[in-house]
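Engineer: If you scroll down you'll find the structure; I have some questions about it.
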Amino acid sequence: MRHARRRVVRRVTRLAAVGGLLLGGAMVTQAAMASETPPATTGALRSAAGAGDPGDALVARLGTARTAGSWIGADGRPVVAVTDDAAARAVRQAGATAKVVPRSMDELKSATTTLRSAPRVAGTAWAVDYRTNRVVVRADSTVSAGDWSRMTQVAAGIGGFVHMERTKGAFTTRLNGALPILSTGGRCSAGFNVTNGQRDFILTAGHCGPAGSTWFADNQGDQQLGQTVDSAFPGTDFSLVQYASGKAGAGADVVSVGGGKGVRITGAADPAVGQRVFRSGSTSGLRDGQVTGLNATVNYPEGTVTGLIETDVCAEPGDSGGPLFSEGIALGVTSGGNGDCKTGGTTFFQPVTKAMTTLGVRLIVSAQNAGGAQGTPPSGAPSAPAQGGMAPNAASPGSSAPVTGTSEGSTLLARLTDTRNVGPGLLVVAGSLIALVATRYIRSEQDRKAYQRYYSATWG
């Protein structure tokens, strides 16, 4: 009976050791596969001009007197608003969808100019709605009945295509990457890492703080991050925080989306109306929605900001300056809006292309995406085309990447079971080999002692 038990124990030990070898080998293989860079996604439709959004290219070719903007349809194809049949035929021949509308972009922009020239009312905002061919004016809960009446009269003088609506909440900056950065003025979110070729910076919102503001990565003031060296607000809404060390460090091409995870940024571009976009911030994390308007104007209590991206993505205080992106393409930094992530709302973003052009900086991207151009002179030109050639719901934030430089720790168990690590797999393989050798040694020792006991008894 004792011998039978020994045989069972030895058999189980051998099976466990062999299983360990197989598991360790699988872990090493999976880790090697996980370390490969995922392939970049590409849009299905390309512009005849070779780059950028196809709808924008058609608008540029036909002119603003015959068109009224473009957007991405539900099927992922560009839709171009046109004012005559000849322009509609040209759009269809280019492979896009044409929609004939009564007003051109010139007429719509003339309406926004008239609104801008009227007495300023804090708490109002407007943008051209390409899809309905009208200008939408919104007023938040802080706008008085008298101011609302006066703005309504201005709109009536422009024409019936100016739509007026009240909205809940208040249009405010989101002050208080998407990692948090803190100063005496409050908390904001890091946007994108940029460089001028000599030093590295964080591109964030201008209302976060004036030039000279000192930023920290912790609320104790122990980890100084850098200092604001250039800031523009109101009018526009962007600023540069220069790293105290001069360099952004490892993982500079990654924006945080929470939980120690991030998205790798590969370029910058201007968005299209209807495009699905993603925003990350230190308060509300990763959120998504659609671009609803371009060249929007917002009358914050602090002043008016123009040329913004309008979206239905929610945001909350502390998300200011955080990145807006889609398919790994940088689009904007969070400016402000109304509502929150429970009730929803409208959020506005400063386009990164305009900010980089003005500041003379460029995005820091990974080596394989930079194409060896990291040492070239700074340029604010878009470094990648807009991802406008796919259905809005098919878009994703971009390729995932770990966030480096955070204080988030991990347990030994988590590290051992992390399939991204080759080390744990090798450790399991080594342990299994040792178990096999030990099993053979124990078996031989047991056999030797049994042999010795048997013959000792025989010899008397």
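The values are calculated or read from the model by the stated rules, or taken from the named source; none is laboratory data. A quick note: this is a predicted structure, and the numbers were derived from the prediction, not measured. Cβ atoms come from the backbone with ideal geometry, glycine included; neighbour counts cover every protein chain shown. Accessible surface is based on the protein model in full, side chains and every heavy atom, while ligands, DNA and RNA are left aside. Shrake-Rupley method; radii C 1.70, N 1.55, O 1.52, S 1.80 Å.
Engineer: With VAL135, VAL121, VAL91 as the choices, which residue is assigned to a strand (DSSP E or B) and either of a type in the set (Asp, Glu) or open to solvent by less than 50 Å² (accessible area, probe 1.4 Å) (or both)? Full working, then the answer.
Structural biologist: Values: VAL121 fails: assigned to a strand (DSSP E or B); VAL91 fails: assigned to a strand (DSSP E or B).
Only one candidate qualifies: VAL135.
Engineer: I need the full set of residues from segment 339-364 which are within 18 Å of PHE171 (Cα to Cα) and open to solvent by less than 10 Å² (accessible area, probe 1.4 Å), in order please. Step through it out loud before you land on a result.
Structural biologist: Here is the first cut: in segment 339-364, the ones within 18 Å of PHE171 (Cα to Cα) are 339-350.
Passing the criteria: THR347, PHE348, PHE349, GLN350.
Engineer: Ok, one more. Assess whether PRO323 counts as being open to solvent by less than 10 Å² (accessible area, probe 1.4 Å) and under 14 Å from ALA269 (Cβ atoms). Walk me through it before giving the result.
Structural biologist: On the way: open to solvent by less than 10 Å² (accessible area, probe 1.4 Å): yes; under 14 Å from ALA269 (Cβ atoms): yes.
Against the criterion (open to solvent by less than 10 Å² (accessible area, probe 1.4 Å) and under 14 Å from ALA269 (Cβ atoms)), PRO323 qualifies.
Engineer: Here's something else I'd like to know. Against the definition (small (Gly, Ala, Ser), outside any loop (DSSP other than H, G, I, E, B) and open to solvent by 40 Å² or more (accessible area, probe 1.4 Å)), how does GLY146 come out, yes or no?
Structural biologist: So GLY146 does not fit the description; no.
Engineer: Further question on the same structure: Can you tell me which residue in segment 191-217 is farthest from PHE233 (Cα to Cα), limited to those that are surrounded by fewer than 24 Cβ atoms within 10 Å (Cβ to Cβ) and of a type in the set (S, T, N, Q)?
Structural biologist: The first filter runs over segment 191-217 and keeps only residues surrounded by fewer than 24 Cβ atoms within 10 Å (Cβ to Cβ), leaving 195-200, 210-214, 216-217.
Right, trim to of a type in the set (S, T, N, Q) and you get 195-196, 198, 213-214.
Working: THR195: 21, ASN196: 21, GLN198: 25, SER213: 14, THR214: 17 Å.
Only one residue tops the list, namely GLN198.
Engineer: Looking at segment 40-79 only, could you name the residues that are on the phi > 0 side of the Ramachandran plot and modelled with pLDDT of 85 or more?
Structural biologist: Across segment 40-79, the qualifying residues are GLY63, GLY69, GLY76.
Engineer: Test GLY281 against the criterion of being open to solvent by 10 Å² or more (accessible area, probe 1.4 Å) and modelled with pLDDT under 95, and give yes or no. Full working, then the answer.
Structural biologist: Working: open to solvent by 10 Å² or more (accessible area, probe 1.4 Å): no; modelled with pLDDT under 95: yes.
For GLY281, the condition - open to solvent by 10 Å² or more (accessible area, probe 1.4 Å) and modelled with pLDDT under 95 - is not met.
Engineer: Now a separate question. Considering only segment 274-361, give the strands (runs of 3 or more DSSP E) lying wholly within it that have at least 3 residues that are of a type in the set (A, V, I, L, M) and out of contact with any helix residue (DSSP H, G or I) (no Cβ under 9 Å at 6 or more places or on another chain).
Structural biologist: Working: elements: 276-281, 285-300, 303-311, 323-326, 329-337, 347-351.
Where strands (runs of 3 or more DSSP E) fall fully within segment 274-361 and carry at least 3 residues being of a type in the set (A, V, I, L, M) and out of contact with any helix residue (DSSP H, G or I) (no Cβ under 9 Å at 6 or more places or on another chain), they are 285-300.
Engineer: Continuing with this model, one more query. Kindly indicate which of SER141, SER70 is under 27 Å from SER335 (Cβ atoms), open to solvent by 40 Å² or more (accessible area, probe 1.4 Å), among the small types (Gly, Ala, Ser) and not in a helix (DSSP H, G or I). Walk me through how you get there before you give the answer.
Structural biologist: Details: SER70 fails: open to solvent by 40 Å² or more (accessible area, probe 1.4 Å).
Exactly one residue qualifies, and that residue is SER141.
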